[in-house]
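Single-structure report; data block below.
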Amino acid sequence: MGDEIKEHIQTVKQNVEAACRRAGRNPDEVTLIAVSKTKPLKMLLEAYEAGARDFGENKVQEILEKAPKMPPDARFHMIGHLQRNKVRQVIPHVRMIHSVDSVRLAEMIQQEALRIGKTVDILLEVNVAKEESKFGMFPEQVMENLDQIRLFPNIRICGLMTIAPFVENSEENRPIFQKLYQLYVDIKKKNIDNVTMNVLSMGMTGDYQVAVEEGATMIRVGTGIFGVR
Ligand SMILES: *Cc1c(COP(=O)(O)O)cnc(C)c1O
């Protein structure tokens, strides 16, 4: 295996820098989340050694297993669909929940966050492409949901997230990223109480360079760092 993970992280960072140059952006605005789902702790530690601090997982069970065994400055991001009955277990271990797709889920997060005296950073997951198979609210539902979720005092709405469709050519997803960016900017401009739009989580192994060109501030890269699952 050698230094494969380290090399992959360096390659992703170089690609992010190149995409930022093309778009006239500062690479410091883009956080790389190493999506470590299904991968053993050993590989996460290798990524940590190579400088990774943000890890993405889509199953509560895996976060519960891995987070306590990582160095204390490793941050875990919940990026998968979150069931309401798993909220209590997961919130002590996560830096951010990217996958808030309903007021009902936010309500549960509020309840549990209050119980442990914490404020939880969340993103609203938007199903921009309106794929049947995907979770997330439709773009036209975002404002209505945001207006309710922002009233929860133990939740901080930090931005938006989307999972773009699986495509052969990443250019096909450019309009998806543009649409989410536009929504993000529109909400930001409104200066709504208890809403700070400064995170735009979009782009995966196949399309993160396009996502960065279109304004992503967090990219979620799994295969491109840890290899195929
Ligand atoms: C698995 C996953 C990723 C990473 O996908 P890759 O194609 O392996 O980079 C990103 N985001 C979410 C929500 C995922 O579930």
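Could you please let me know if Ala164 is near the ligand (Cβ under 10 Å from one of its atoms) and either modelled with pLDDT of 95 or more or assigned to a helix (DSSP H, G or I) (or both)?
yes
Specify which of the listed residues (Arg104, Arg156) is within 16 Å of the chain's Cα centre (by Cα) and more than 28 Å from Thr205 (Cβ to Cβ).
Arg156
Quick check on the range 130-140: of everything there that is charged (D, E, K, R) and open to solvent by 60 Å² or more (accessible area, probe 1.4 Å), which residue is farthest from the ligand (Cβ to nearest atom)?
The qualifying residue farthest from the ligand (Cβ to nearest atom) is Glu140.
Do we have Ile225 as touching a residue at least 60 places away in the same chain (Cβ under 8 Å), in contact with a helix residue (DSSP H, G or I) (Cβ under 7 Å, 6 or more places away or on another chain) and not in a helix (DSSP H, G or I) here?
no
Out of Leu82, Leu41, report the one residue that is of a type in the set (A, V, I, L, M), open to solvent by 40 Å² or more (accessible area, probe 1.4 Å) and over 21 Å from Met197 (Cα atoms).
Leu41
In the range 30-84, which residues are among the charged types (D, E, K, R) and under 17 Å from the mean Cα position of the chain (by Cα)?
Residues satisfying the conditions are Lys37, Arg53, Asp54, Glu57, Lys59, Glu62, Arg75.
Restricting to strands (runs of 3 or more DSSP E) lying wholly in the range 34-113: which have 3 or more residues that are within 13 Å of the ligand (Cβ to nearest atom)?
It comes to 54-57, 96-100.
Of the conditions (1) open to solvent by 40 Å² or more (accessible area, probe 1.4 Å); (2) closer than 30 Å to Gln148 by Cβ, Ile33 fails just one. Which one is it?
Failing condition for Ile33: (1).
Restrict the check to the range 141-150 and report whether at least one residue is at pLDDT 95 or above and within 16 Å of the ligand (Cβ to nearest atom).
no
Taking Gly159 as meeting all but one of (1) small (Gly, Ala, Ser); (2) away from the ligand (no atom under 12 Å from the Cβ); (3) in a loop (DSSP other than H, G, I, E, B); (4) modelled with pLDDT of 95 or more, write down the number of the exception.
Result: Gly159 passes all but (3).
Name the residues in the range 175-201 that are in a loop (DSSP other than H, G, I, E, B) and open to solvent by 70 Å² or more (accessible area, probe 1.4 Å), would you?
Selection gives Lys190, Asn191, Asp193.
The values are calculated or read from the model by the stated rules, or taken from the named source; none is laboratory data. All values reported here derive from a predicted model rather than from experimental measurement. Positions of Cβ are generated from backbone atoms using ideal geometry, with glycine treated the same way; all protein chains shown enter the neighbour counts. Please note that ligands, DNA and RNA were not included when accessible areas were found on the heavy atoms of the full protein model with its side chains. Shrake-Rupley method; radii C 1.70, N 1.55, O 1.52, S 1.80 Å.
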